[in-house]
Structures are given as C-alpha cells and as structure tokens.
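Everything on this sheet refers to the single structure shown next.
Quick note: the coordinates plus some simple rules give every number you see, no bench work behind them. Computed from a predicted model, the values in this text were never measured in an experiment. Cβ placement follows ideal geometry from the backbone for every residue including glycine, while neighbour counts extend to all protein chains displayed.
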Amino acid sequence: MKNMKLSSPNLALLLIPALTFAALLAASCEDREPQDLSFSMSIEGGELVGDESTLTVNQHDTVTIDWTSDLPLLVHLHGYNIETQLDAGETAQMSFVADATGRYDIYIHASESVLAGAGEPDMGGMTSDSMGSMDNGDAGEHRDHVMTDEATNGGGGAERLIATLEVRP
C-alpha cells in the first residue's frame with residue numbers, strides 16, 4: 001500500500017465540516033442557568049408609565065415585578081392566574097417562576113368609578129363579568145374572576161390591558 005498524503009485543500013475540506021459540527025454540538029449542549037429578574041412597573045391614572053409594556057424572560061427564570069399605582073387596583077397576570085392588590089401610593093410585589101412559555105396578558109382591574117375618575121374611556125357598560133362572554137382569547141377567565149372589595153370599592157369592575165409577559169423557551 002502506498003503512503004497516502006492529504007493535500008492542504010483536501011484536509012481543509014474534511015476539517016471545516018468537522019469543526020462546524022463540533023461547534024453546533026457544543027452550542028446545543030450549552031445549558032442556560034435560570035436568572036433572577038426584577039422589573040419595576042408604575043401605573044398612573046390607570047395607564048402604565050413608560051414604554052416597556054412587554055416583559056421578556058426565559059423559561060425557568062424567577063421573575064419579580066414591583067408594582068406602584070396612584071389608584072387602588074388589582075393586577076392580574078393571565079395564564080399564570082396571579083393577582084396582586086395595589087394600594088394607592090404603596091409598592092406591591094408579584095413573584096413567580098416562569099415555567100410556562102408563551103405570551104400572557106397583564107390586566108388591571110378596578111371599579112368603574114375609580115378608572116372613570118382617572119379618565120377611563122367609556123366601556124359601554126362592559127364589566128369583567130360581561131367580557132367573559134366575548135370570544136377573545138382567555139377573556140372567559142373573567143366570568144369567574146372575583147375582584148377584591150379594595151379593588152372594586154363595591155361597584156362594578158372594569159379592566160384594562162396594560163402589559164404583556166413573554167416567556168421564551
């Protein structure tokens with residue numbers, strides 16, 4: 001058998017795919033450690049302050065949201081079914097592990113009179129109960145959603161979409 005030598009061009013043709021495969025394999029095996037993420041969200045007059053209305057996290061991250069509001073409100077993270085009561089001028093915290101991936105709406109709930117005093121547009125008599133019959137994603141949750149007396153002040157409830165949580169795999 002003859003002594004076989006690989007020329008430089010032939011060697012390069014063999015090494016490039018092997019190195020590419022090794023790099024892809026290493027990248028796919030890389031584990032990302034879950035992170036502890038904190039967000040501060042402020043609501044004034046029933047509206048989110050600032051431009052950051054989508055919170056983006058990765059699956060398994062621990063998420064803490066510090067909420068402040070100038071009105072008594074209930075903040076509801078749909079899909080995770082987490083609620084936090086906000087008292088005017090106080091900070092309230094919402095903490096959870098982002099296990100479920102997808103996009104989840106964050107609503108505020110308050111009495112119609114509270115939001116009307118803050119410039120709430122006319123909702124045409126719609127309350128959280130009447131919105132439950134709408135064919136609008138998870139709006140059916142509202143039918144069974146019970147708002148606390150502090151958030152509704154004993155009146156009919158109104159709601160407003162203020163932010164979105166995006167959980168990436």
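Summing charges over neighbours of S53, with a neighbour being any other residue whose Cβ is under 13 Å away from its Cβ, gives -3 when K and R count +1 and D and E count -1.
Here the extension length gained between R32 and E47 equals 1.9 nm, from 0.36 nm per residue of separation less the Cα-Cα distance.
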